[in-house]
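The values are calculated or read from the model by the stated rules, or taken from the named source; none is laboratory data. From a predicted model like this one, the values you see are computed outputs, not experimental measurements. Here the Cβ is made from the backbone with ideal geometry for all residues, glycine too, and neighbour counts use every protein chain on show.
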Amino acid sequence: MAGQNLMQTVKPSPHLQGEVLLPGDKSISHRVAILDSLSQGKSTIKNFAPGRDCWHTVTCLKALGVPIQILKSQSTLSLSVSGRGRMGFREPRDVLYAGNSGTTMRLLSGLLAAQPFLSIITGDASLRGRPMSRLIEPLRLMGAEIWGREQDLLAPLVIRGRALHGAEIPLTIPSAQIKSAILLAGLFAQGNTVLYQSVKSRDHTERLLTAMGAKLDTDGNHLCLSPLTMPLSSISFRVPGDLSSAAYFLVAGAIHSNARITVRACGINPTRTGIIDALVAMGAKIQMRNERMEVGEPLADITVESSELRGIEMGGGIIPRIIDELPILAVAACVARGRTVIRGAGELRVKESDRIAAMLKELGKMGADIEELADGMIITGGKRLRGAKVDSHSDHRLAMSLAIAGLLATGETIINRAQVTQISYPAFWQELQRLVERA
């Protein structure tokens with residue numbers, strides 16, 4: 001589908017009923033593939049995220065000499081990973097390509113900073129325009145030799161691996177990608193690596209490191225990682241369903257007048273459940289059942305029903321927990337009664353697109369009442385959206401958010417560049433169609 005421009009048409013549906021099969025959590029999939037590659041031993045990762053982003057991580061790891069076997073079944077993807085140990089990677093013969101995946105580029109940069117060879121990592125046009133100085137600067141505090149384009153602002157990145165030292169690093173931007181890159185570098189450093197988080201971001205890396213035997217102490221928002229004295233233990237497990245992917249269906253169920261949708265085995269890590277907290281605060285009828293733990297990660301079955309939503313204010317500490325879900329929450333706010341205010345979300349400007357400007361433009365075509373703020377938006381809801389020709393801006397989260405808006409709109413909504421959903425959720429359009437057909 002790469003290189004093609006898919007126009008997807010969405011029509012309003014009188015009902016939305018059924019269960020959704022979620023892809024594996026994208027954030028966890030990236031991390032467990034990298035950490036199992038660093039481990040000693042063989043592992044099997046079931047329900048690995050099938051999107052292009054995680055595939056780029058796998059391709060880069062294979063280029064670094066990691067034996068990875070792809071195991072496909074009818075509905076899920078699994079990996080068999082043979083860990084290379086602490087220093088078993090080889091110098092890549094070519095430039096590493098991260099595609100559109102900021103997670104791939106940033107996490108692997110932390111790993112490569114400590115490897116005894118030269119590596120270059122790049123990405124597509126969108127990724128080459130995203131900020132990298134926030135990654136380069138803390139790694140340099142640990143002694144890393146890393147450079148970027150335009151005076152270290154942008155990718156491609158050139159990394160000459162070398163011995164690193166621990167450092168005390170304040171994380172002024174609540175980014176789990178930057179935090180994880182530093183922790184990966186810290187595994188190889190001499191001395192402890194101490195991180196000070198202003199706001200806690202998603203903690204999948206910390207949970208996995210602890211489960212695999214790393215010495216990581218947590219005190220509130222402070223982290224202290226000791227360098228490895230023995231290899232990480234490989235882990236085999238089933239990746240929980242992706243809550244960021246579930247978000248589109250949770251919002252669809254809440255804003256539709258005749259809906260009941262269940263997502264099963266979905267990750268409910270507390271650093272990720274901002275979408276649920278926000279929807280409940282807006283009045284959504286959401287129930288969680290069968291809660292359990294797998295390899296340190298909590299998961300549950302989540303059911304949502306038709307609800308009467310009201311506008312709320314979102315800002316402060318919840319923003320890092322909903323940053324990826326803000327586009328679909330903007331759709332919920334368009335339907336909710338009253339005014340929704342989103343502040344402190346300036347990070348949306350430097351995602352795969354400028355998501356504030358893009359959502360303002362595209363939802364505006366559908367009749368939404370949205371005022372743009374420098375770091376967010378004000379949405380006055382309660383008005384019926386109308387079908388329109390809209391564009392994804394080559395951003396997977398915008399494409400899926402506009403699809404859900406189209407389910408509620410009058411008439412047809414035509415989404416340009418809809419194939420971009422392949423980045424994170426290849427089966428999205430099929431799952432959406434199944435919900436409509438089951439009704």
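Tabulated results
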| read-out | value |
| --- | --- |
| Matching residues in the stretch 190-220 - criterion: being surrounded by fewer than 18 Cβ atoms within 10 Å (Cβ to Cβ), in a loop (DSSP other than H, G, I, E, B) and more than 22 Å from the chain's Cα centre (by Cα) | 191, 192, 213, 215, 220 |
| Pair list, Cβ < 6 Å and 6+ apart or interchain, from the stretch 59-70 residues that are within 11 Å of residue 81 (Cβ to Cβ) to residues that are among the small types (Gly, Ala, Ser) | 61/37; 66/37; 67/82; 69/80 |
| Residue match in the stretch 27-38 (condition: touching a helix residue (DSSP H, G or I) at 6+ places or on another chain (Cβ under 8 Å), outside the structural domain of residue 419 (by TED's automatic domain parsing), over 25 Å from residue 113 (Cβ atoms) and in contact (Cβ under 8 Å) with a residue 12 or more places away in the chain) | no |
| Boolean, residue 176 is touching a Lys or Arg at 6+ places or on another chain (Cβ under 8 Å), of a type in the set (A, V, I, L, M) and under 21 Å from residue 29 (Cβ atoms) | yes |
| Test for residue 272: is it closer than 30 Å to residue 385 by Cβ, in contact with a strand residue (DSSP E or B) (Cβ under 7 Å, 6 or more places away or on another chain) and not polar (S, T, N, Q) | no |
| Of the criteria (1) out of contact with any Gly (no Cβ under 6 Å at 6 or more places or on another chain); (2) closer than 30 Å to residue 236 by Cβ; (3) of a type outside the set (Ser, Thr, Tyr), which one residue 299 fails | (1) |
| Criterion: surrounded by 15 or more Cβ atoms within 10 Å (Cβ to Cβ) and at positive phi - qualifying residue of 41, 102, 83, 123 | 41 |
| Pairs, first within 27 Å of residue 27 (Cβ to Cβ) and free of Cβ contacts under 8 Å to residues at least 24 places away in the same chain in the stretch 288-312, second of a type in the set (Val, Ile, Thr) and outside any strand (DSSP E or B), C-beta under 7 Å, six or more apart | 288/268 |
| So residue 75, is it free of Cβ contacts under 8 Å to residues at least 40 places away in the same chain and either part of a helix (DSSP H, G or I) or over 14 Å from residue 64 (Cα atoms) (or both) | no |
| Selection status of residue 167, without any contact (Cβ under 8 Å) to a residue 40 or more places away in the chain and either crowded, with 20+ Cβ neighbours inside 10 Å or not assigned by TED's automatic domain parsing to the domain that holds residue 266 (or both) | yes |
| The listed residue being under 20 Å from residue 100 (Cβ atoms) and in contact with a Cys (Cβ under 8 Å, 6 or more places away or on another chain), out of 121, 178 | 121 |
| Odd one out for residue 88 among (1) buried (at least 16 other Cβ atoms within 10 Å of the Cβ); (2) at pLDDT 95 or above; (3) out of contact with any His (no Cβ under 7 Å at 6 or more places or on another chain); (4) in a loop (DSSP other than H, G, I, E, B) | (2) |
| Flag if residue 57 is at pLDDT 95 or above, outside the structural domain of residue 427 (by TED's automatic domain parsing), β-branched (Val, Ile, Thr) and in a helix (DSSP H, G or I) | yes |
| Members of the stretch 210-228 found to be of a type in the set (A, V, I, L, M) and out of contact with any Lys or Arg (no Cβ under 9 Å at 6 or more places or on another chain), listed by number | 211, 212, 214, 216 |
